[in-house]
Every structure is written in structure tokens, then in C-alpha cells.
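The values are calculated or read from the model by the stated rules, or taken from the named source; none is laboratory data. Every value quoted in this text rests on a predicted model; they were computed, and no experiment measured them. Glycine also receives a Cβ, built like all others from the backbone with ideal geometry; neighbour counts cover every protein chain displayed. For the accessible areas, the whole protein counts, side chains as well, though only heavy atoms, and no ligand, DNA or RNA atoms are used. Shrake-Rupley method; radii C 1.70, N 1.55, O 1.52, S 1.80 Å.
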Amino acid sequence: MKQLLRFLPYAGPASVLLAAPTLAQNDECTGAIALSLGATAFDTSTATLSATPWPCAFNGGPDLWYTYTAPNLNSVTFDTCAGTTYDTALEVFDGTCGALNPLVCNDDSCFLQSSINVTPSAVGDVFYIRVGGYNGATGAGTLTVTDFPPLTNDSCATAIALTNGVPTAFDNFGAGTSAPAWPCGL
């Protein structure tokens, strides 16, 4: 039995073009995207690792950058606690992209996700927020920005009177540390 072979005409050397992944606008600090209160979806899957080293998150991972301008003096929380399924890390800076001043870094505040709280010193303070992953982890998630008004009883001078036998709920989230120093609880 003879086999029939069919040849295609020669069209020259084959070339394959591979497109480089498209980087997000906010892959570097200079392209940071402005945040407002609420939730913002993100995906670090095609992000690169910035030159700024991570002080937490065991070498950190590819990151995306955001900014938040404080409209008031309320304490602000940035978190990836809801809607994020990979091990995240967050870092907050002030300053400018050319001269960042690290304020706080967090890995694993809410299980494997992260949460950071900062308080502006003036209306209009700009914070730079870096979202990445633990030890090179990447993925999709949600960055949520929440602000909390100052506590009315955050000092001795504004203490709330208690009534004997009446339960009083409290939450010290966003509270400052008052003077004098605690003699216990170290």
C-alpha cells in the first residue's frame, strides 16, 4: 500500500510573536491610582515587584500602588480582608514617589489577608498604599478603604460616665495611647 504524502508550499521561516503581558497603570508608584472610601478590585497576577523592599511579608511579591488623600482627620483603614483569596501584604507610605517614607507594613492581620490603620496629621495628607503578596504570592482581591471618626472619649478629659450595674459596650479601635503610661499590660 502506498502512502500519499501532501506537502504544503514553503512560505519562508515561521515566526511566532509572543505579546508581553500588559502591565497595569499602577504597577509602579508613579502610576498610583487614587482611592476613595469603599472597595476597589485589584489583580497582581501580571504586576512586577517594585524596587522598594518589603519590610514585612518575607520578601513581598509583585505589587500595585494606590493613593489616598485624607478628606478629614478620621482614622483610615486599608484592608484586603474581604473578597481576597491569596496571602496578601500591605504597606502604607507618606512622602512622594521619589522620597517615600514607610509608615506601616502588615501581613496576616485577618487570616492570610492584611489590614493597616493610619491617622492623618492634616486634612489633605496623601498616603501611598502598596498591595502585594507574601513571599511572591499574586492574585485577585479587594482593597477596602474605611474611615472612622475620632472617638469622643479618647482622653481623660472626655471620659464617659458609667452607671453602676448598667452594661456599657466599648470598642477601642482607632483609640490613641493616653498619658500616663500603663503600669501593666506590657
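Go through region 58-110 and tell me which strands (runs of 3 or more DSSP E), entirely inside it, have 2 or more residues that are over 20 Å from D43 (Cα atoms).
Working: elements: 64-69, 75-79, 88-96, 99-107.
Here the list reads 75-79, 88-96, 99-107.
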- [ ] Go through (1) open to solvent by less than 90 Å² (accessible area, probe 1.4 Å); (2) closer than 20 Å to Y68 by Cα; (3) out of contact with any helix residue (DSSP H, G or I) (no Cβ under 8 Å at 6 or more places or on another chain); (4) hydroxyl-bearing (S, T, Y) one by one and return the number of the condition T168 breaks.
- [x] (2)
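For every residue, the table says whether it meets (1) open to solvent by less than 10 Å² (accessible area, probe 1.4 Å); (2) modelled with pLDDT under 95.
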position: T67; (1), (2): no, no
position: T80; (1), (2): yes, no
position: G83; (1), (2): no, yes
position: G98; (1), (2): no, yes
position: N106; (1), (2): no, no
position: F111; (1), (2): no, yes
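Does T52 satisfy the criteria of being open to solvent by less than 50 Å² (accessible area, probe 1.4 Å), in contact with a strand residue (DSSP E or B) (Cβ under 7 Å, 6 or more places away or on another chain) and part of a strand (DSSP E or B)?
Numbers: open to solvent by less than 50 Å² (accessible area, probe 1.4 Å): yes; in contact with a strand residue (DSSP E or B) (Cβ under 7 Å, 6 or more places away or on another chain): yes; part of a strand (DSSP E or B): no.
No.
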Open item on the list: Cβ-Cβ distance below 7 Å, separation of 6 or more or different chains: which pairs start in region 108-126 with a residue that is closer than 22 Å to C97 by Cβ and end on one that is charged (D, E, K, R) and modelled with pLDDT of 95 or more?
Closed with: S114/D79; D125/D94; V126/D94
